[in-house]
Amino acid sequence: MNLLLKYLQKYGILLCNTNPDLPALEDIGCTWADVTALIDRQALFYCKAFKKRTTYLSKETYYLLKEVRQKKPLTPPAQRIYAILENGAEAETGFLKAVSGLDGKAYREGFDFLLQNMYVTALRNGKPLNESWSTFLYAAAAEWEKRAPGPPPAENAEARLWEILSRTMTERQFRSLARRSPQPQKSPFQ
């Protein structure tokens, strides 16, 4: 089994670039090719859910986070982009920008919002740009879900998500990711 897939199945989350918060791709000895192979198989969910950074989630973590995290309503620029993808379409960012009719800043803000809030993901690899980067074909998260069915809903999704993510993140980081405010009384995580 692929090292990246094993890592994600155990720890649930990995970041693309080295940072002080969580392990990143190169920290575990993986490469861009490992990422694109799993994206092509819908074996990981690509987003920017953790501190607006490129984030890779395991299938289980994605589905648990989806249950736990309340989605923010779409902003107008995000809605324009999402409307292109919501019926099963796949597209590269250049196409999405052109068809949406948004200027550069509005497009970036709208597309980042969609990735940060898990409305869209990379569905498959696009054109190689060099050995360590390529474009992606993006689609609505619902399209990814059709190709990567998840487990049945967890009895206590938040507790299961914490069980997985507590291996690499603090409770504060978890609450930020899950959009949960601190519980001053009895914490379900103790």
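The values are calculated or read from the model by the stated rules, or taken from the named source; none is laboratory data. What you are looking at is a predicted structure, and each value in this text was computed from that prediction instead of being measured. Note: ideal-geometry Cβ built from the backbone for every residue, glycine included; neighbour counts use all protein chains shown. All accessible areas refer to the heavy atoms of the entire protein, side chains included, with ligands and DNA or RNA removed. Shrake-Rupley method; radii C 1.70, N 1.55, O 1.52, S 1.80 Å.
What number comes out for accessible area per residue over the chain if the probe is 1.4 Å? Units Å², please.
Accessible area per residue, the chain: 51 Å².
Checking a compactness column here: for the range 43-98, what do you get for Rg(Cα) / (2.2 N^0.38 Å), N being the number of residues?
Against the compact-globule rule of thumb, the ratio is 1.27.
Please report, to one decimal in angstroms, the Kirkwood hydrodynamic radius of the range 90-190 built from all distinct Cα-Cα pairs. Before the final figure, lay out each step's value.
On the way: mean 1/r = 0.0604 Å⁻¹.
Taking every pair of different Cα atoms in the range 90-190, averaging 1/r and inverting gives 16.6 Å.
Run the accessible area of the range 58-166 with a 1.4 Å probe and give the carbon-and-sulfur part as a rounded percent.
Carbon and sulfur atoms account for 51 percent of the accessible area of the range 58-166.
Please report the net charge: other residues with Cβ closer than 12 Å to the Cβ of SER134, K and R +1, D and E -1.
Net charge in that neighbourhood comes out at -1.
Could you tell me the center-to-center distance, by alpha carbons, between the range 3-23 and the range 85-102 in angstrom?
The distance from the Cα centre of the range 3-23 to that of the range 85-102 comes to 29 Å.
I'm spelling it out carefully: the read-out is Rg/Rh (Cα atoms, Kirkwood Rh), the candidates are [x] 1.67; [y] 0.96; [z] 1.13, and one was derived from this structure. Which label?
Among [x] 1.67; [y] 0.96; [z] 1.13, the one calculated here is [y].
Quick one: if you take sqrt(5λ) for each eigenvalue of the C-alpha gyration tensor of the range 54-148, what semi-axes come out, biggest first, whole angstrom?
Details: eigenvalues 82, 64, 29 Å².
Ellipsoid semi-axes (Å, largest first): 20, 18, 12.
Under the rule of -39500 (n - 2.57) per DSSP H run of 4 or more residues, summed and divided by the residues of the chain, what mean residue ellipticity at 222 nm is obtained, to the nearest 500 deg cm²/dmol?
Values: 9 runs with 83 residues, N = 190.
Value at 222 nm, helices only, nearest 500: -12500 deg cm²/dmol.
What nm distance separates the two modelled labels at GLN79 and ARG108, each placed 7 Å from Cα along Cα→Cβ?
2.4 nm
Any of LYS71/LYS127; LYS10/LYS105; LYS10/LYS97; LYS48/LYS127; LYS6/LYS97 with alpha carbons more than 28 Å apart? Name them for me.
Distance filter (> 28 Å) returns LYS71/LYS127; LYS10/LYS105; LYS10/LYS97; LYS6/LYS97.
May I ask you to compute the full-extension gain from TRP133 to LYS146, defined as 0.36 nm times their residue separation minus their alpha-carbon distance, rounded to one decimal in nm?
Extending this stretch completely gives an extra 2.1 nm.
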